[in-house]
1. Residues being of a type outside the set (K, R), surrounded by fewer than 21 Cβ atoms within 10 Å (Cβ to Cβ) and not in a loop (DSSP other than H, G, I, E, B): count how many of those fall in region 500-521.
2. Note down all Cβ pairs under 6 Å where the first residue falls in region 709-730 and is closer than 14 Å to A762 by Cβ and without any contact (Cβ under 8 Å) to a residue 60 or more places away in the chain, the second is crowded, with 17+ Cβ neighbours inside 10 Å and aliphatic (A, V, I, L, M), and they're at least six residues apart or on different chains.
3. Check region 11-25 and report whether any residue there is over 27 Å from S512 (Cβ atoms) and either of a type in the set (S, T, Y) or within 24 Å of the chain's Cα centre (by Cα) (or both).
4. Of the numbered conditions (1) within 30 Å of P469 (Cβ to Cβ); (2) more than 14 Å from the chain's Cα centre (by Cα); (3) among the polar types (S, T, N, Q), N532 fails exactly one; give the number of that condition.
5. Limited to region 261-277, what total is found for residues that are buried (at least 20 other Cβ atoms within 10 Å of the Cβ), outside any helix (DSSP H, G or I) and in contact with a Gly (Cβ under 7 Å, 6 or more places away or on another chain)?
6. State whether the residues of region 420-432 include one that is polar (S, T, N, Q) and surrounded by fewer than 19 Cβ atoms within 10 Å (Cβ to Cβ).
7. Out of all the residues in region 609-623, which are part of a loop (DSSP other than H, G, I, E, B) and at negative phi?
8. Of these, Q853, Q788, which one is under 42 Å from the mean Cα position of the chain (by Cα), surrounded by fewer than 20 Cβ atoms within 10 Å (Cβ to Cβ) and free of Cβ contacts under 8 Å to residues at least 40 places away in the same chain?
Amino acid sequence: MQEKYTPSDVEQSAQSHWKKIDAYTAVENNPRFPKGKYYACSMLPYPSGKLHMGHVRNYTINDMLARQLRMKGYNVLMPMGWDAFGLPAENAAIAYKKSPAEWTYANIEDMKSQMQPLGLAFDWTREVATCDPDYYRWNQWLFLKMLEKGVAYKKTQVVNWDPIDQTVLANEQVIDGRGWRSGALVEKREIPGYYFGITQYADELLNSIDDLDGWPEQVRTMQRNWIGKSEGVRFAFPHEIKDETGTLVQDGKMYVFTTRPDTIMGVTFCAVAAEHPIATLAAKNNATLAAFIEVCKAGGTTEAEMATKEKEGMPTGLFVTHPLTGEQVEVWVGNYVLMTYGDGAVMGVPAHDERDFAFAKKYNIAIKQVVAIEGESFTTDAWAESYGDKQRGLTVNSGKYDGLTFKATVDAVANDLVAKGLGEKKTTWRLRDWGISRQRYWGTPIPIIHCDSCGDVPVPYEDLPVVLPTDCIPDGSGNPLKHREDFLNVPCPKCGSPAHRETDTMDTFVDSSWYFMRYTCPDATTMVDERNDYWMAMDQYIGGVEHAVLHLLYARFWTKAMRDLGLVKIDEPFKNLFTQGMLLNESYYREDASGKKIWFYPNEIEVQHDDKGRPVSASLKSDGQPVQMGGIEKMSKSKNNVVEPKDIIEQFGADTARLFTMFAGPPDQSAAWSNSGVEGASRYLRRLWASALKLSGTIANGTAAPANYANDVKALRREVHLTLKQIDADYDRLQYNTVVSGAMKLLNTIESFKSEAEGSAAALREAFSILLRGLYPVCPHITHALWQELGLATELGEIIDAPWPLVDEAALVQDEIELMVQVNGKLRGSIKVAKDADKATIEATALANESVQKFMEGAAKKIIIVPGKLVNIVA
């Protein structure tokens, strides 16, 4: 056994061995694993080219889970792949003047080479890259199947259009109404696009959330809120607003939907979206309003964006009629109203809606209370949460509805609106159908051919995949597919006439909605085969909470769509979900003349501290000039605060990198990077090696356990098995930071044991065996090496498949217990007695203790015994 722990030698040797024996290739129905399958998967990464220590943390969580469950007898699958399509590759292509394909595949190879030194137990035989035609052909295939079933369809959509770049922009790419790259004023355009009818599954997607017991409640709540089932009333405000031809706009009815029909008597204004027909009509003779509407149109198109932006409005000068009172209600244009949600109009009840309250205060609109809560007063000075409480209030200032509860008012108002032919009870959903068309190049081609005679013709199944050309180099002037004659021009599959392909590509969420199923059968000649039935549903999914809504929702929808097409037998894809925390690091920057932030790596910075060690300022090492301290941020390449695993592995080894990221904090919480913490992890592993070296002879001789252990050896075994019991529980709940704490405690216990009594060698061998197996999932290389060196493989086989240690309940039983002894309430010593000692024996032993006798003045007046804890002598 080498005297010095050399991580590079240990890790290279272990990895070479695992590669030689093909350790991580999973096989269905493997008889070696009696407990059956366990599918554990991390969300596939985007191949950006560089790993940072945040990635190491994420993948080590999965790796620990997989390794430990394999030891417990499960047939574990842990694959890896690449979410390889998307806009970043196009942006890189523009910047580096190379094709997205070249950039992407080079990054994949680079990231794989960075993963390899970490010793992650990935089954690379199942690797998937979503930009591979063998993969995305099935995106196209299922699209066509859903098109046949009516789950996929085509309609026009409102998009952000950059007139210079000639492309559609995502909402986050519109900054102050301008394109993020070109700076051009963004236009709202209606263009045709393809949709998936996810709303057809809205009820099932919502109801089955209740069955996802293995998901964090926070994520389940986010899913429910995004689906957003609302029960209320859709009703109309009649009006006499006519266009220039004298025709009533929208047949004289402006419809709204509300979940609070009990407040209908408190309406003091209505607001419509910028695209609403009433807004369009009002703007024709009002240049100021027309300009405001254009500003609104340049804003975002998502509900999330509307929720955070400053609420602004402008009156149209037009009025609608309150359906129950007959009062005239003014119509405003509001920048927070979306034409794509509901009917593009809302009723304004400032007294009982916080958004409407703020809007009314800003524009001096009347605020009328129509719901009151007993014992609470109402004021228009400031909003109070109770104003929106529908359950405790009674209707007031509402005529015939006064004194009614929420439900009673809703029923009465709905009945009256139905009687007038102006409304009905209705259920609405926040969820909208999934628009998958992207006017981008680097994505899955939509398999449609446009023919002047036949219209939109699906590509025949036998012609799939529609292969994306890989040599296009985008220049920022729009989708290069529009200029690729060899891609664009094809005969119509129906009539043979000249036609052209669809150049839109699919949203990359399509790629990530089912990759985990393709992992199970990557070489299948169908979308999935029977191997998918073996592995799915996935037992444990691991990823960031930032994907808690769209990715998971789309994956759930995709699974149900596949089920309804007879492809899978499951309703939900993921049994358990774990959302890991981020790894954080300090950030530093300067601002240039334009206000742009220039970020620096932490190793480029000199930090100044006060006399208490607190950081007070920082400067750049290269020029000595000040920089701003940006605080603790998520590790991100954009802020240059990443720590690359390559640097840590070269200095300390992969096991140290893994150990630190697990010990830094609970895996489901964010944790800060710490150079001193890395050094501490390295010291622990060197101690482990040194202790193994020191005890190697003893451990080698401890193969035979005695019939009876000496008391101090029993104490060692009890401590070891108590710690093992805690480690077991921590593994079960994925609290890997305390698993590491337990391993550290075990080493301390072993090092502090000095007895040479009968059975000590066997107990130390057992203790070290438990320590190495408990630590193996987090530090597989050093534990593999020590397992071999200490001869434990001869007894239990290689550590990768060694049986998980079982807690010996008999070892937890104490023959002797320790009791604290107090004299007149103050601690004066301790005694050891048999666990079943009687009261007289305990009293006599306590009184005979030398430390106790020093504080006794005469005979004891009273002795109080707290069983199992202490003895209090009153002298």
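The values are calculated or read from the model by the stated rules, or taken from the named source; none is laboratory data. Quick caveat, the model's predicted, so the values are computed rather than measured. Virtual Cβ from ideal backbone geometry, glycine too; neighbours counted across all protein chains shown.
1. Qualifying residue count, region 500-521: 2.
2. Close Cβ pairs satisfying both conditions: V713/A763; L716/A763.
3. yes
4. Of (1) within 30 Å of P469 (Cβ to Cβ); (2) more than 14 Å from the chain's Cα centre (by Cα); (3) among the polar types (S, T, N, Q), only one is false for N532: (1).
5. Just the residues of region 261-277 that are buried (at least 20 other Cβ atoms within 10 Å of the Cβ), to begin with: 261-267, 269-274, 276.
If we keep only those that are outside any helix (DSSP H, G or I) as well, we get 267, 269-274, 276.
Checking which are in contact with a Gly (Cβ under 7 Å, 6 or more places away or on another chain) leaves us with 267, 269-273, 276.
So the answer is 7.
6. Within region 420-432 (the criterion being polar (S, T, N, Q) and surrounded by fewer than 19 Cβ atoms within 10 Å (Cβ to Cβ)), the answer is yes, since at least one residue qualifies.
7. D610, D611, K612, R614, K621, S622, D623
8. From the options Q853, Q788, the qualifying one is Q788.
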